[in-house]
Amino acid sequence: MEEALKIQSLVIYPIKSCRGISVPQATVTHTGFQWDRYWLVVNYKGRAYTQRVEPKLALVESELPKEAFLEDWEPKKDSFLVVRAPGMSPLKIPLTKPSSVAEGVSMWEWSGSAFDEGEEAAKWFSDYLGKQSRLVRFNKDTETRPSPPEFAAGYSTTFADMFPFLVASQASLDQLNTLLPEPVPINRFRPNILVDNCDPFGEDLWDEIKINDLVFQGVRLCSRCKVPTVNQETGVPGAAEPTETLMKFRSDNVLMPGKKPRGKVFFGKEMVWNWNLTNTEDKGKKTIKVGDTISVLRKIPSRAEAAV
């Protein structure tokens with residue numbers, strides 16, 4: 001008898017491209033997990049910094065109050081996001097709403113306004129990165145950052161790359177590691193939900209899954225940039241792996257031979273929460289926990305038909 005699919009771990013990344021927090025439970029919202037990618041480090045022009053150009057961000061750790069992961073928790077005056085990095089004093093960011101607003105913040109295709117976390121945070125990140133920087137927070141009250149409508153019309157996210165959730169499986173990582181010269185940990189791929197008891201790359205085919213009463217829609221395979229080559233423990237980018245090995249068996253050329261190859265490699269499945277299929281009147285059902293069972297409601301027939 002097959003073991004049930006289960007959530008092995010849940011990870012929230014409060015600051016885009018910085019280190020994640022492994023949590024026992026997480027609250028699902030329309031734009032992703034509560035607190036996930038709420039903050040963004042930007043340059044003097046307001047443009048996003050990510051590990052693609054600033055791999056040192058991998059060493060920036062965030063800490064939130066434990067109760068912040070409970071549903072319906074509201075920050076108090078003494079609630080902080082605490083940020084740490086090697087050689088730096090801890091930075092405390094109040095979780096109450098900032099009064100200052102930064103205009104002209106941009107990330108990929110999106111631009112808009114965001115809360116500005118002030119001069120102390122700006123100096124901290126400027127000193128750490130060695131260049132003028134600021135820390136901003138997504139303003140859900142005034143801003144919407146739509147996911148690409150050709151894949152997920154009507155859905156939006158905060159400062160995540162494109163979609164609210166990234167799901168991957170332990171079996172996929174295990175299979176990749178059998179082929180690599182040196183194994184890599186899952187933090188190279190920065191998923192929100194890591195699944196246990198799955199077939200290797202079985203998540204590719206998930207069109208619809210259910211966790212408790214929440215239905216998640218598979219959107220597309222996650223094409224990987226160079227961030228998986230960055231060692232998340234040292235902040236040092238590598239030259240080739242794991243991308244070079246993934247190219248041999250996880251490229252669009254291999255998985256979708258009928259489509260025009262664009263040199264992409266894939267690991268993980270991008271998803272949205274389909275709140276239209278959820279009874280949201282039942283409060284307390286928007287929290288998912290490590291150990292929760294996952295049901296696959298619908299699959300796509302083959303990887304060749306997967307959206308990319």
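Observations
- Sum of side-chain charges, Asp204 neighbourhood, beta-carbon under 9 Å (Lys, Arg +1; Asp, Glu -1): +1
- Taken about its Cα centre, the range 144-280 carries a charge dipole of roughly 540 debye when the Cβ of each Lys and Arg holds +1 and the Cβ of each Asp and Glu holds -1.
- Per residue, the solvent-accessible area of the chain (1.4 Å probe, heavy atoms of protein chains only, all protein chains present) comes to 46 Å².
- With all pairs of separate Cα atoms included, the chain yields a Kirkwood hydrodynamic radius of 20.0 Å.
- Distance from the alpha carbon centroid of the range 147-199 to that of the range 40-83 works out to 20 angstrom.
- Here the label points at Lys226 and Glu74, each 7 Å from Cα along the C-beta direction, are separated by 4.6 nm in the simple model.
- Computed from Cα positions, the angle between helix 170-179 and the longest principal axis of the chain comes to roughly 80 degrees.
- Burial order of peptide ranges 5-17, 120-132 (average beta-carbon count within 10 Å, highest first): 5-17, 120-132
- Sulfur and carbon atoms: percent of accessible area, the chain [1.4 Å]: 51 percent
- Peptide packing: for 73-84, 151-162, the average count of neighbouring Cβ atoms within 10 Å per residue gives the ranking 151-162, 73-84, highest mean first.
- Gyration tensor (alpha-carbon) shape descriptor, the range 93-249, a/c threshold 1.5: oblate
- Inter-probe distance in nm under a simple model that places probes 7 Å from Cα toward Cβ, at Glu3 and Leu277: 2.6 nm
- Anisotropy class of the range 1-122 from Cα gyration tensor, a/c 1.5 cut: prolate
- Residues in the range 229-257 that a label on Val308 would reach, taking backbone N under 12 Å of a point 7 Å out along Cα→Cβ: 247-257
- Against the main long axis of the alpha-carbon atoms of the chain, helix 119-129 sits at an angle near 50°.
The values are calculated or read from the model by the stated rules, or taken from the named source; none is laboratory data. Just so we're clear, the structure is a prediction, and the values are computed from it rather than from any experiment. Neighbour counts are summed over all protein chains in view; Cβ atoms, including those assigned to glycine, are modelled from backbone coordinates with ideal geometry. Only protein heavy atoms, including side chains, enter the accessible area calculation; ligands, DNA and RNA are left aside. Shrake-Rupley method; radii C 1.70, N 1.55, O 1.52, S 1.80 Å.
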